[in-house]
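Quick notes on the structure that follows.
The values are calculated or read from the model by the stated rules, or taken from the named source; none is laboratory data. These numbers come from a predicted model, not from an experiment. Using ideal geometry, Cβ is built from the backbone for each residue, glycine included, and neighbour counts are taken over all protein chains shown. Areas reflect the complete protein model, heavy atoms only, side chains present, ligands, DNA and RNA absent. Shrake-Rupley method; radii C 1.70, N 1.55, O 1.52, S 1.80 Å.
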Amino acid sequence: FKAPSRDHPALYRDLLRTNRVHWIAEEPPAELVREKMMECHFRFRHQMALVPCVLTLNQDGSVWVTLVKPARAITPGQFAVFYKGDECLGSGKILRMGPSVYTLQQGKNREESPKKEEIDKIEPVT
């Protein structure tokens, strides 16, 4: 799939799943074990800004990563690296991704079919 522009919504996602995470200090962090969820930050490219996220621990040690705001060009095979403050918690290889922002928008548009008065307001393209 080639998106029509660098900022096309099809390039943005806010959900991904990793393989089993390699944790650095504790395996996995106590908060994540206790709550099954944990807020932290994430990046998948070395120089990118950290993105706030919520990790959800799966039985097999993998995690679902829900980003606070969608990130661009996440790709399976890249590594998701997790941070709490300045501390690197660990990383996992990205296996799958949730639907793109574009797909979610399409779904929303289908559910909310325009009302007749809205259709009447649409100007024809000339």
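Determine the gain in length on full extension of the stretch residue 26-residue 56; use 0.36 nm per residue of separation and subtract their C-alpha separation, reporting nm with one decimal.
9.2 nm
Once R0 is set to 41 Å, what does the formula 1/(1 + (r/R0)^6) return for the Cβ-Cβ distance between residue 88 and residue 8, expressed as a FRET efficiency to the nearest 0.05?
Calculated value: 0.85.
Rolling a 1.4 Å sphere over the protein heavy atoms, what is the accessible area per residue of the stretch 14-83, to the nearest Å²?
Per residue, the stretch 14-83 has 56 Å² of solvent-accessible surface.
Sketch the reach of a paramagnetic label on residue 105 as a point 7 Å from Cα along Cα-to-Cβ, and name the residues of the stretch 1-43 whose backbone nitrogen lies under 16 Å away.
Counting only backbone N, you get 2-14.
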